[in-house]
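Encoded as structure tokens, the structure appears first; notes follow it.
The values are calculated or read from the model by the stated rules, or taken from the named source; none is laboratory data. These figures come from a predicted structure and were not determined experimentally. Cβ: placed from backbone, ideal geometry, glycine included. Neighbour counts: every protein chain shown. Just so you know, the surface numbers come from the protein's heavy atoms only, side chains and all, with ligands and any DNA or RNA stripped out. Shrake-Rupley method; radii C 1.70, N 1.55, O 1.52, S 1.80 Å.
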Amino acid sequence: METLAKKIENLKVEKNAVVLAHYYQVPEIQDIADYVGDSLGLSQQAAKTKADMIVFAGVHFMAETAKILSPEKKVVLPDMNAGCSLADGCPPSQFADFLKSYPDHLVISYINCSAAIKTMSDVIVTSGNAVQIVESFPKDQKIIFAPDRNLGGYINRITGRNMVLWDGSCEVHDILTTEAVVNLKMKYPDARLIAHPECKAQLLELADYIGSTTALLKFTRTDSAKKYIVATESGILHKMQLDSPEKQFYVVPSDETCSCNDCPYMKLNTLEKLYLSMKNERPEIVLDPITIEKARIPIEKMLRLSELAGLIK
Ligand code: 13P
Ligand code: SF4
């Protein structure tokens with residue numbers, strides 16, 4: 001009998017489809033994907049793919065971004081309920097009201113937001129380019145940063161800016177505590193702490209290295225330590241372990257009942273749902289042309305600025 005993985009491979013050819021997956025997807029999805037990456041890499045791939053259909057193994061805002069960058073392609077998401085607490089925590093009408101209080105501010109939004117928020121933004125960033133993009137604007141430029149207060153606070157601290165922050169957070173990273181880190185530090189005193197900037201400031205203060213998903217991966221490949229305490233989503237361990245089989249990784253747990261930290265939205269996608277979305281070509285991401293046109297401007301600006309900063313080729 002044909003395995004699901006084989007059926008997916010056949011459908012890729014039959015439908016000229018590409019599977020793009022985020023590092024937080026379950027290992028079996030990462031293994032069949034044509035490209036696995038962080039938000040920046042995924043948007044770059046979505047912009048340049050020659051496929052007719054993009055099967056996006058990630059969450060809704062990521063699939064929406066792919067549709068905005070490649071509107072002529074069919075974009076399917078294995079589970080339409082794969083949302084994100086950051087995107088959901090920034091409703092467009094409230095954000096529009098918020099902006100009215102800061103009419104002379106530039107609006108920089110983290111890619112983890114809805115297409116509607118993107119249409120109200122001047123430039124989009126990911127955790128892989130946020131610092132460099134903020135730094136590309138004059139020091140006295142007034143800026144609103146949305147929707148992640150933790151990432152925004154981190155950028156403020158390292159760039160010496162005072163961006164106005166929307167009060168949103170990632171429920172997966174914001175929940176991680178310094179106590180949980182200290183417990184692991186006591187068990188593994190020679191392990192280095194690496195953290196995603198969506199974590200709280202108190203936790204980031206303890207970190208030996210802070211970076212986007214791809215940056216964390218690169219660090220563990222090139223750094224000399226043998227053990228790492230990892231303050232981000234558990235899915236990243238699959239690639240970390242593949243890249244550095246001789247090293248040990250310990251995820252900071254979200255509570256005392258497990259030794260993991262899973263994003264409930266990312267984990268809604270399964271190999272079976274991915275296969276069905278490819279076969280049935282739905283659920284499909286549909287956006288109106290005006291939203292696509294407006295939201296595309298700040299995303300393309302991000303890609304241009306990232307290229308100028310030498311972050312992407
Ligand atoms: P990056 O993949 O850009 O590091 O973002 C992490 C994340 O939480 C995605 O939802
Ligand atoms: Fe959103 Fe956080 Fe899940 Fe990423 S990990 S999709 S930011 S809830």
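Let me know the shape class of segment 1-71, please: from the alpha-carbon gyration tensor, a ≥ b ≥ c as square roots of the eigenvalues, rounded when a/c is under 1.5, otherwise prolate if a/b is greater than b/c, or oblate.
Here segment 1-71 falls in the oblate category.
Say each of Leu268 and Lys15 gets a label point 7 Å from the Cα, pointing the same way as Cα to Cβ; how far apart are those two points in nm?
Calculated label separation equals 1.9 nm.
Extension gain Asp255-Arg304, at 0.36 nm per residue separation less the Cα-Cα distance, in nm?
Full extension of this stretch gives 13.6 nm more.
What is the chain by shape, rounded, prolate or oblate, if you read a ≥ b ≥ c off the alpha carbon gyration tensor as root eigenvalues and call it rounded for a/c under 1.5, prolate for a/b larger than b/c, and oblate otherwise?
Oblate is the answer for the chain, as a/c is 1.5 or above yet b/c matches or exceeds a/b.
I want to check the label-to-label distance for Lys187 and Asn162. Put each point 7 Å from Cα in the C-beta direction and report it in nm to one decimal.
4.3
Once amide H atoms are placed 1.01 Å from N in the peptide plane, what residues at a sequence separation of 5 or more from Lys142, or on another chain, have their amide H within under 5 Å of its amide H?
Leu106
Only helical DSSP H runs with n ≥ 4 go in: add -39500 (n - 2.57) per run for the chain, normalise by residue count and round the 222 nm mean residue ellipticity to 500 deg cm²/dmol.
My calculation for the chain gives -12500 deg cm²/dmol from helical runs alone.
Grab the beta carbon distance between Gln202 and Glu135, set R0 = 30 Å, and tell me the FRET efficiency rounded to 0.05.
The pair Gln202/Glu135 has a calculated efficiency of 0.75.
Determine, from the Cβ-Cβ distance of Asp288 and Asp52 and an R0 of 22 Å, the FRET efficiency 1/(1 + (r/R0)^6), rounded to the nearest 0.05.
0.55
Would you pull out the residues with amide H under 5 Å of Phe249's amide H, same chain only if 5 or more places away, H placed 1.01 Å from N?
HN-HN under 5 Å from Phe249: Tyr228.
Provide the per-residue ³J(HN,Hα) series for segment 78-83, in order, calculated from phi with Karplus coefficients 6.51, -1.76, 1.60 and θ = phi - 60°, each as a whole number of Hz, with x at glycine and proline positions.
These are the phi-based 3J(HN,Hα) values: x, 9, 5, 7, 6, x Hz.
For the chain, which whole percent of the accessible surface, found with a 1.4 angstrom probe, sits on carbon and sulfur atoms?
52
Distance check, please: which entries in Lys267/Lys313; Lys73/Lys294; Lys6/Lys226; Lys239/Lys301; Lys67/Lys313 exceed 28 angstrom between their Cα atoms?
Lys267/Lys313; Lys6/Lys226; Lys239/Lys301
Full extension from Ser224 to Asp243: what is 0.36 nm times the residue separation minus their Cα-Cα distance, to one decimal in nm?
5.5 nm
Counting only heavy atoms of protein chains, what accessible area per residue, in Å², does segment 1-76 have with a probe of 1.4 Å?
I get 37 Å² per residue for this part.
Using θ = phi - 60° and the Karplus curve 6.51 cos²θ - 1.76 cosθ + 1.60, what whole-Hz ³J(HN,Hα) does each residue of segment 175-187 get, with Gly and Pro shown as x?
With coefficients 6.51, -1.76 and 1.60, one gets 7, 5, 10, 5, 4, 4, 5, 4, 4, 5, 4, 5, 6 Hz.
Excluding ligands, DNA and RNA, what is the solvent-accessible area per residue of segment 212-309 at a probe of 1.4 Å, expressed in Å²?
With the other protein chains kept in place, segment 212-309 gives 50 Å² per residue.
Ordered by packing density, taken as the mean number of other Cβ atoms within 10 Å over each peptide's residues, highest first, how do 230-240, 271-281 rank?
230-240, 271-281
Determine ³J(HN,Hα), in whole Hz, for all residues of segment 282-292 in sequence, where each value follows from phi through the Karplus function 6.51 cos²θ - 1.76 cosθ + 1.60 and θ = phi - 60°; x replaces Gly and Pro.
These are the phi-based 3J(HN,Hα) values: 6, x, 9, 7, 10, 10, 6, x, 5, 4, 4 Hz.
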